[in-house]
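Okay, so here's the structure we're looking at.
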Amino acid sequence: MKFHIKPTDPKNASVDVLILFCEEKNIRSSVGLLSKELITQAEEGIQKEGFSGKQGECLIISTRGNIQSYKLLLCGGVEEREEKDAYTVKRIVADAIKKSQEMHPFSIAIVVPSSWLLKFSTKLCIEYIVEACRYASYSFTAYKNEEEKQKRQIEHVYIHLPAGKIASGEEGINQGISIADATCFVRDLVNEPSSVTTPSFLAETAENLSKTSKKMIHVDVLEKEDIKKLNMNAFLGVSQGSDELPKFIRLAYKPSRPKKKVVLIGKGITFDTGGLSLKSPEHMETMKLDMAGAATILGIFHALPYLQPRVEVIGLIAACENMPSGKAIKPGDIVKAMSGKTIEILNTDAEGRLTLADTICYANIKEKPDEIIDVATLTGACMVALGQDIAGLWGNREELLRVLEKSAFLAGEQVWRMPLEEHYKKLIKSHVADIKNIQTGKYGGAITAALFLSEFANSTAWAHLDIAGPAFEEKDSSLTPYGGTGFGVGLLLHYLISL
Ligand code: BES
Ligand code: ZN
Ligand code: ZN
């Protein structure tokens, strides 16, 4: 899919489908700006198909040579008075792309509504449009038949902007492509079966990112022996039931004169069976998704060489499988984490916090960063609290959390602040060790998981995103088909470029 900015009048666009957004009250005048002759056809549609210009409604008009484009797709829902956010804009564009796909176009043109250009910078507005076009066209066809793989795709998207906005429009295209490529890269990784995305596959993926980065990304992979030497026994404990060797992956991006050093950590459980605390078949079905945090980090490093933010970024992934076997860790076992804290493992299905504990400790000791942000499909409890579309956000610095919320809003991703409630800490006190990996009682599981992590972050500025819900879409929507969503990539990239 190629994107082009066009200053020309959309009347002269010569594409298969021209997409025009209109306001409820201005249907006729919007169409009239293209061609007076098309007003009659729009009126026909209004009468016969009940098109009223509301959000979600579309009307297809055959242009019959009145303008150069073959079809006109009229889409409602761009009321000037309504506050639009990034998510709504992306959603409206993605809905229009889905509708246009019914006509199997090779080329389309989009007229950017003036109300969007008033609300957002041109760069952001074009970024959203580019992203939406890419997400609505995304499908994971690696294991489908040839026919499915070769389905006709939109090849050219022409974006019509007022003449003065072309340069920032081009910047928006570049930023949109970098973010969308990274997000789709994450979707592919999450959608691949876990028999493919093993810990060593994730390590190879990181190494390939380094190879294609023109020396901007450096990758190190620590093997089991190195991990042992570092005393990452919580991580090793999780991995010990599996035949797949654990890998500790470190990615580094360092521009000249960086403003700060940020460590990004992704949960990298390549399959979560629950271990000996085995999950039920229904709960295990989607557990290839448990490396979505790790995939998000890889996606960010996919984009860094293009976006080149002025901040040093270290990505850390403790990758392993959580399997039951004769060698697996058992409920009641105690491990001594890298930090020296002892952890009583009472439920082997609460494994993410164990691998993350050692990774956070590694970040603190070895990287000495200004801040740490972890991204993890950590708890089902977070989905109970916030549903499938919203990530939970915790942390120990108000300022960091505020900027992350702002970045999420700019990226059109939903996060919600959750409390790091001090007095719930007693729920993860162990009788026999310093801390236990599950809580006493059944409520507030996402919070106690975050509290567990906070014990390893110590005083370093730290934020935690529980993406168990939004990492994976279980129904189809115009922006995300069933499967991995790439949630978090836009949020974190917006954060990094804002620094
Ligand atoms: N990977 C799961 C969390 C999860 C659940 C992610 C559903 C995405 C969708 C995590 O390792 C887990 O199993 N957590 C347990 C914790 C419990 C044993 C304290 C959970 O949430 O049930
Ligand atoms: Zn688990
Ligand atoms: Zn898990």
(request) Over 22 Å, how big is the tail of the calculated P(r) for segment 92-170, in percent of all Cα pairs? (result) 32 percent
(request) Express the Stokes-Einstein translational diffusion coefficient of segment 35-94 in µm² s⁻¹, to the nearest whole number, given a Kirkwood radius over alpha-carbon pairs, 37 °C and a viscosity of 0.692 mPa s. (result) 258 µm²/s
(message) Based only on Cα atoms, what mean projected area does the convex hull of segment 1-80 have, in nm²?
(response) 5.5 nm²
(message) Which three numbers, in whole Å and largest first, are the semi-axes of the equivalent ellipsoid of segment 127-190 derived from its Cα gyration tensor as √(5λ)?
(response) 28, 14, 7
(request) Mind scanning 36/119; 48/71; 366/406; 267/288; 215/254; 224/366 and naming the pairs with a C-alpha gap bigger than 20 Å? (result) 36/119; 366/406
(message) Could you tell me the calculated FRET efficiency between residue 218 and residue 260, based on Cβ-Cβ distance and R0 = 22 angstrom, to the nearest 0.05?
(response) 0.75
(request) Order by neighbour count: 31, 311, fewest other Cβ atoms within 10 Å first, most last. (result) 311, 31
(message) What is the distance in Å between the Cα centroid of segment 18-79 and that of segment 433-496?
(response) 43 Å
(request) Could you state, as a whole-number percent, how many of the C-alpha pairs of segment 402-475 are farther apart than 19 Å? (result) 46 percent
(message) Going by amide H atoms built from the backbone, whose H comes under 5 Å of the H on residue 120, apart from near neighbours?
(response) none
(request) Just the number, please: Stokes-Einstein D of segment 241-357 in µm²/s, Kirkwood Rh from C-alpha pairs, 25 °C, 0.890 mPa s. (result) 157 µm²/s
(message) What FRET efficiency comes out for residue 440 versus residue 117 if R0 is 56 angstrom and r is the Cβ-Cβ distance? Round to the nearest 0.05.
(response) 0.55
(message) Tell me the mean residue ellipticity at 222 nm calculated for the chain from its helices only (DSSP H runs of n ≥ 4, each -39500 (n - 2.57), averaged over every residue, nearest 500).
(response) -11500 deg cm²/dmol
(message) Need the C-alpha centroid separation for segment 305-375 versus segment 107-130, integer Å.
(response) 40 Å
(message) Please report the equivalent ellipsoid semi-axes of segment 362-499, computed as sqrt(5 x eigenvalue) of the Cα gyration tensor, largest first, in whole Å.
(response) 26, 20, 12
(request) Check each of the trypsin sites (Lys or Arg not before Pro) in segment 198-293 and keep only those in coil by DSSP with at most 13 other C-beta atoms within 10 angstrom; list them in order. (result) 214, 215, 259, 260
(request) Please report the relative contact order for segment 130-237, taking Cα pairs under 8 Å with a sequence separation of at least 6, and give it as a percent rounded to a whole number. (result) 24 percent
(request) Would you mind calculating the relative contact order of the chain from Cα pairs under 8 angstrom and at least 6 residues apart, reporting the percent as a whole number? (result) 15 percent
(message) Give me a comma-separated list of calculated 3J(HN,Hα) values for segment 365-372, in order, Karplus coefficients 6.51, -1.76, 1.60 applied at θ = phi - 60°, integers in Hz, x for any Gly or Pro.
(response) 6, 8, 9, 6, x, 6, 7, 10
(message) If amide hydrogens are placed 1.01 Å from N in the peptide plane, which non-local residues have theirs closer than 5 Å to the one on residue 462?
(response) 372, 396, 397
(request) At 7 Å along the Cα-to-beta-carbon direction for both residue 82 and residue 334, put a label point, then send me their distance in nm to one decimal. (result) 5.9 nm
(message) Output needed for the chain: three equivalent-ellipsoid semi-axes, defined as square roots of 5 times the C-alpha gyration tensor eigenvalues, in descending order, whole Å.
(response) 46, 22, 21
(request) Work out how far the C-alpha atoms of segment 13-145 reach from end to end along every principal axis, then list the three figures in whole Å, largest first. (result) 45, 38, 26
(message) Just to be sure I understand the model, the point goes 7 Å from the Cα along the line to the Cβ. What's the resulting residue 307 to residue 36 distance in nm?
(response) 4.9 nm
(message) Mean Kyte-Doolittle hydropathy of -1.0 or higher plus an axial Cα length of 27 Å or more: which whole DSSP H helices in the chain meet both?
(response) 166-191
(request) Mind checking segment 208-310 for GluC sites (Glu not before Pro) that DSSP puts in a loop (not H, G, I, E or B) and that have at most 15 other Cβ atoms within 10 Å? (result) 223, 285
(message) At 1.567 mPa s and 4 °C, plugging the Kirkwood radius over alpha-carbon pairs of segment 280-411 into Stokes-Einstein gives what diffusion coefficient in µm²/s?
(response) 75 µm²/s
(message) About the Cα centre, and with charges only on the beta carbon of Lys, Arg (+1) and Asp, Glu (-1), how big is the dipole of segment 190-338? Nearest 20 debye, please.
(response) 980 debye
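Since every read-out is calculated from the coordinates, none of them should be taken as a lab result. This is a predicted model, so every value here is computed, not measured. Backbone-built Cβ (ideal geometry, glycine too); neighbour counts: all protein chains shown.
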